[in-house]
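A.B. asks: A single structure is presented below for examination.
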Amino acid sequence: MLVLRSGLTRALAARTLAPQMCSSFATGPRQYDGTFYEFRTYCLKPSKMNEFLENIKKNIHLRTAHSELVGFWSVEFGGQVNKVFHIWKYDNFAHRTEVRKAVAKDKEWQQSFIPNLGLTDKQEIEITYLVPWCKLEKPAKEGVYELVSFQMKPGGPALWGDAFKRAINAHVDLGYSKLIGVFHTEYGELNRVHVLWWNESPDSRAAGRHRSHEDPRVVAAVRESVNYLVSQQNMLLIPTSFSPLK
């Protein structure tokens, strides 16, 4: 009996002292830097896109006086048409709360935005963080953007983060597209990762995609990450004239 207790005690002690396995993807700088990005998608009524964008163009300076606009795009391809997508940056949740209060009290902005409410069918919001191994980039010249949204298996970045990172870096390192940012959802559809790419034109994007599909290095990296993938969707985005990211 004493032998059994002694063995059990040693086993429990070893289990207690064993180092905990952690993924740097899941517990990295994101946990210490409160900066996050709010993804907003507005679905507009048919034939109202131009009117909506003209209203925003004339008055966006009133809104950006309160917080930073990262980019504003119209959706050219992918899913529902008559859609705009924009990204806003906040230092933390307290900052966003302060901004929302200020925006609500800004009568000039509120009055300018009221006409747009009648042009809008639906609004969607997600809160995302940049993944720790990625910084938000800005292209050197104007082009088009592609937002690829990956729905991953439950388990979080600790499960699929490393494989996903290798798949993204395979495209970046070989120059098939320029990476703008990789975002992981905090609020919205969980286990979702959004990858924002830049290309000079839709045709250059198509050419790069065809070449990458024939590159065994990319194929091998992507094949590994596919094991954790549930679904994916992409949108071709055209930057507006007032978008900081062109």
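A.B. asks: Looking for whichever is farther than 30 Å from Tyr42 by Cα and more than 14 Å from the chain's Cα centre (by Cα) here; the options are Ala158, Ala140, Ala206. Which one fits?
C.D. replies: Working: Ala140 fails: farther than 30 Å from Tyr42 by Cα; Ala206 fails: farther than 30 Å from Tyr42 by Cα.
Selected residue: Ala158, the only one of Ala158, Ala140, Ala206 that is farther than 30 Å from Tyr42 by Cα and more than 14 Å from the chain's Cα centre (by Cα).
A.B. asks: Ok, one more. Give me the residue from the stretch 147-171 that is part of a strand (DSSP E or B) and open to solvent by less than 20 Å² (accessible area, probe 1.4 Å) and, out of that set, farthest from Arg223 (Cα to Cα).
C.D. replies: If we filter the stretch 147-171 for residues that are part of a strand (DSSP E or B), which is where we start, we get 147-152.
Those left that are additionally open to solvent by less than 20 Å² (accessible area, probe 1.4 Å): 147-148, 152.
Details: Leu147: 20, Val148: 17, Met152: 14 Å.
Residue satisfying both the conditions and the ranking: Leu147.
A.B. asks: Please enumerate the residues belonging to the stretch 94-125 that are in a helix (DSSP H, G or I), surrounded by 12 or more Cβ atoms within 10 Å (Cβ to Cβ) and not small (Gly, Ala, Ser). It would help to see each step written out before you state the result.
C.D. replies: Just the residues of the stretch 94-125 that are in a helix (DSSP H, G or I), to begin with: 94-105, 107-117.
Still in the running and surrounded by 12 or more Cβ atoms within 10 Å (Cβ to Cβ): 95-96, 98-100, 102-103, 109-110, 112-113, 115-116.
Within the stretch 94-125, His95, Arg96, Glu98, Val99, Arg100, Val103, Trp109, Gln110, Phe113, Pro115, Asn116 qualify.
A.B. asks: Could you tell me whether the stretch 51-71 includes any residue that is closer than 20 Å to Ala102 by Cα, modelled with pLDDT of 95 or more, within 23 Å of the chain's Cα centre (by Cα) and part of a loop (DSSP other than H, G, I, E, B)?
C.D. replies: Scanning the stretch 51-71, I find at least one residue that is closer than 20 Å to Ala102 by Cα, modelled with pLDDT of 95 or more, within 23 Å of the chain's Cα centre (by Cα) and part of a loop (DSSP other than H, G, I, E, B), so the answer is yes.
A.B. asks: From the residues in the stretch 126-135 that are at pLDDT below 95 and surrounded by fewer than 17 Cβ atoms within 10 Å (Cβ to Cβ), which one is nearest to Phe77 (Cα to Cα)?
C.D. replies: Lys135
A.B. asks: Tell me which residues, restricted to the stretch 95-124, are within 23 Å of the chain's Cα centre (by Cα), β-branched (Val, Ile, Thr) and modelled with pLDDT under 95.
C.D. replies: Correct list: Thr120 only.
A.B. asks: Scan (1) touching a residue at least 24 places away in the same chain (Cβ under 8 Å); (2) closer than 22 Å to Lys89 by Cβ; (3) small (Gly, Ala, Ser) for the single condition Gly156 breaks and write down its number.
C.D. replies: With respect to (1) touching a residue at least 24 places away in the same chain (Cβ under 8 Å); (2) closer than 22 Å to Lys89 by Cβ; (3) small (Gly, Ala, Ser), Gly156 is out only on (2).
A.B. asks: If Phe72 meets every condition in (1) of a type outside the set (Gly, Ala, Ser); (2) surrounded by fewer than 19 Cβ atoms within 10 Å (Cβ to Cβ); (3) in contact with a helix residue (DSSP H, G or I) (Cβ under 9 Å, 6 or more places away or on another chain) apart from one, which number is that one?
C.D. replies: (2)
The values are calculated or read from the model by the stated rules, or taken from the named source; none is laboratory data. Small disclaimer: the values here were computed from a predicted structure and weren't measured. Reconstructed Cβ throughout: ideal geometry from the backbone, glycine too, with neighbour counts over all protein chains shown. Heavy atoms of the whole protein, side chains included, go into the accessibility calculation; ligands, DNA and RNA do not. Shrake-Rupley method; radii C 1.70, N 1.55, O 1.52, S 1.80 Å.
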